[in-house]
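For reference, the structure is listed below as structure tokens.
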Amino acid sequence: MYDVDNPATLDIKVQKLIVLFVFEKMAIPLEESTVLDLCSSDNNWLRYIDCKQCLDELLETNLLYRVPKSDYINITQDGTSCLALFYTRIPSHIRDEITTYTRDNRMRYKRRQQYFCDYSKNSDGTYTVIMKVKNDITTLMELRLVVTDRQMARYIYKNWADKAALTFSLIQDNLLE
């Protein structure tokens, strides 16, 4: 049937059910990259390529949908109904693992999606740090900050998720005074 430690041995239907189950347990729209990381990189529920294929097929069959004017995907009512009928086909140990993991990490993934940060090196040797605060539909704020070195760029990058809400609030409050 399948090897517990090898997601490649899971039937494609079970793999799709796993993706639907992840959406149901996360209970928030997710970016495609977040789903791929969640199911393959951060956990070993599916192989990356299998997860990508499942996402594409679930979108084609309208069990998942792209949230309008955003980069997010969410489960449809049909997807929820399908999952309700067939979730027992997902091995119980995988269901338990997904349930526990999503409960413990939901807010971390939500923050990761809402508070985006990246940096790149400029031709003059400085670094540009791009920081964003997003909601489910749009980017609420985007900051570009040029810093002198990689160490400073990495420091901002590492701290953005913890400081984004306060930074957004302070800027908004100051501008609206």
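One table, with the values for the structure above:
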read-out	value
Directionally averaged projected area (convex hull, Cα atoms, the stretch 89-177), nm²	8.8
Unit Cα scatterers, Debye sum, the stretch 17-63: log10 I(q)/I(0) for q = 0.25, 0.31 Å⁻¹	-0.92, -1.37
Stretch gain in nm, segment Lys25-Lys52, where the contour uses 0.36 nm per residue and the Cα spacing is subtracted	7.8 nm
Potential lengthening between Thr61 and Asp162 on full extension [0.36 nm per residue; Cα-Cα distance subtracted]	32.6 nm
In nm, spacing of pseudo-spin labels at Asn44 and Leu175 (7 Å Cα→C-beta vector)	4.6
Per residue, the convex hull volume that the Cα atoms of the stretch 1-113 enclose (Å³)	92
Among Asn62, Asn122, Asn74, residue whose mean-square fluctuation peaks in a GNM of the chain (springs only between Cα atoms under 10 Å)	Asn122
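Read-outs: derived from the displayed coordinates by stated rules, not from any lab. All values derive from a computational prediction rather than experimental measurement. We place every Cβ from the backbone using ideal geometry, glycine too, and count neighbours over all the protein chains shown.
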